[in-house]
Amino acid sequence: MNFGHIKKVELHTHLDCSLSYELVKKILPETNLEVFKEKFTGHGCKNLNDYLKCIDRSLDLMQNEEQLNLVVVDFFDQLKRDNVIYVEIRFAPLLHLKEGLDPLQVIEIILKKCKSESQKSNIKFGLILCTLRHFSEYESLETVKLIKELADEMIVGFDIAADEAGYSLDNHIKAFEFAKKNNINCTAHAGEARGYESVIETLDMLDPQRIGHGVTSCESTSLMKRLIKEKIHLEICLTSNLVTGLYKNIREHPVNYFYKKNFSISINSDGRTISNTSLNEEYKKLSQTFNWKEQHFLNCNLNAIRSSFADEKTKSDIILQLKNQ
Ligand SMILES: [Zn+2]
């Protein structure tokens with residue numbers, strides 16, 4: 001089964017978790033497929049921490065302008081194969097400073113290349129800057145302030161990622177307050193490595209419009225009601241939740257439950273390399289496991305674009321493209 005003909009919207013994908021084998025080989029010619037699988041993909045992961053460790057190897061290949069440009073081109077090639085028409089790409093600018101770039105330069109390089117690739121491919125995009133759970137209050141604030149400083153319409157949001165179970169939200173409250181005060185859209189990873197109480201805590205403390213994952217929310221009826229009432233969109237990353245050991249097999253995953261309960265959900269790759277997946281692959285799994293048809297995918301893609309951080313004109317253009325395919 002092939003899902004390349006379906007136009008797609010992707011809201012949750014990390015640039016630094018999505019390097020293809022071809023790209024890694026270009027930067028590190030001595031890499032063979034076995035080494036790539038061993039070091040860059042998450043095939044041996046048991047939990048989120050193992051998953052996060054895999055990212056360090058990719059990050060080492062994203063430290064100068066030439067490398068960042070190659071990564072963006074490679075990423076858009078993957079999006080093209082998935083027939084993505086709108087994407088929100090996230091990364092943490094403070095993780096690319098090892099060879100002397102400053103955070104502003106990192107964003108400017110990625111932004112410029114995304115703009116040119118977007119023009120060539122006609123894939124619309126927005127960038128989301130990530131703070132990380134283990135960052136200090138200063139680093140978190142520094143990250144969100146970059147969004148205001150650059151004030152580029154293609155930088156559309158702020159996110160918190162990384163080790164949910166190991167670090168509290170305390171260092172990040174001020175950064176999210178800054179975002180609110182400056183009308184910066186926010187999403188936050190939660191309910192991925194901890195239970196539903198982590199989603200409640202994140203909503204209470206950070207007040208994001210969307211939750212990355214949030215799958216453990218289904219353990220609490222009152223939280224489920226709250227998500228519906230407050231129109232919180234869930235960015236679902238099916239395979240990623242299997243790789244991090246949250247679910248043993250796809251059948252256990254609540255994606256179909258959320259869909260049936262009319263939640264606003266989207267289907268996402270999270271980390272294309274580390275989860276060893278693509279959107280076409282995710283759609284195939286949904287079709288095979290839950291018998292999802294084109295209407296299911298269309299509904300999720302419509303929910304995704306409506307919950308995206310794109311401007312209204314982009315949203316209506318994409319909605320039209322989705323409905324007329
Ligand atoms: Zn993620």
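Below is a table of values for the structure above.
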| read-out | value |
| --- | --- |
| Length-normalised contact order of the chain in % [C-alpha pairs under 8 Å, at least 6 apart] | 22 |
| For Glu38, Glu164, order by how many other beta-carbon atoms lie within 10 Å, fewest first | Glu38, Glu164 |
| Per-residue Cβ neighbour rank within 10 angstrom, fewest leading, Leu246, Leu79, Leu206 | Leu246, Leu206, Leu79 |
| Mean separation of Cα contacts under 8 Å (6+ apart) over length of segment 192-325, as relative contact order % | 19 |
| Computed label-point distance, nm, for sites Asn182 and Lys53 using a 7 Å Cα→Cβ extension | 3.6 |
| Computed label-point distance, nm, for sites Glu38 and His134 using a 7 Å Cα→Cβ extension | 2.4 |
| Mean ellipticity per residue at 222 nm, deg cm²/dmol - from DSSP H runs of n ≥ 4 across the chain, formula -39500 (n - 2.57) | -14500 deg cm²/dmol |
| Loop sites in segment 226-325: GluC sites (Glu not before Pro), DSSP, at most 14 other Cβ within 10 Å | Glu230 |
| Straight-distance crosslink candidates among lysines, where the alpha carbon sits under 19 Å from Lys229 and sequence neighbours closer than 8 are dropped | Lys260, Lys261 |
| Sites Lys229 and Asp311 - FRET efficiency at Förster radius 25 Å, r taken between beta-carbons, to 0.05 | 0.45 |
| Set of aspartates and glutamates with alpha-carbon distance to Lys112 below 13 Å, sequence-local pairs under 8 removed | Glu65, Glu66, Asp152, Glu153 |
| For segment 26-70 versus segment 285-301, the gap between their alpha-carbon centres in whole angstrom | 30 |
| Computed Kirkwood radius, in angstrom, where 1/r is averaged over Cα pairs of the chain | 19.6 |
| Residue exposure sequence - Thr187, Thr31 - by fewest surrounding Cβ within 10 Å | Thr31, Thr187 |
| Cβ-derived FRET efficiency at R0 25 Å, Ile319 paired with Ala165, nearest 0.05 | 0.10 |
| Subset of Lys7/Lys225; Lys113/Lys180; Lys115/Lys313; Lys25/Lys124; Lys124/Lys180 violating a 23 Å alpha-carbon distance limit | Lys7/Lys225; Lys113/Lys180; Lys25/Lys124; Lys124/Lys180 |
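Since every read-out is calculated from the coordinates, none of them should be taken as a lab result. Fair warning: this is a prediction, and the values are worked out from it, not measured in the lab. Counting neighbours? That spans all protein chains shown, and the Cβs are built from the backbone with ideal geometry, glycine included.
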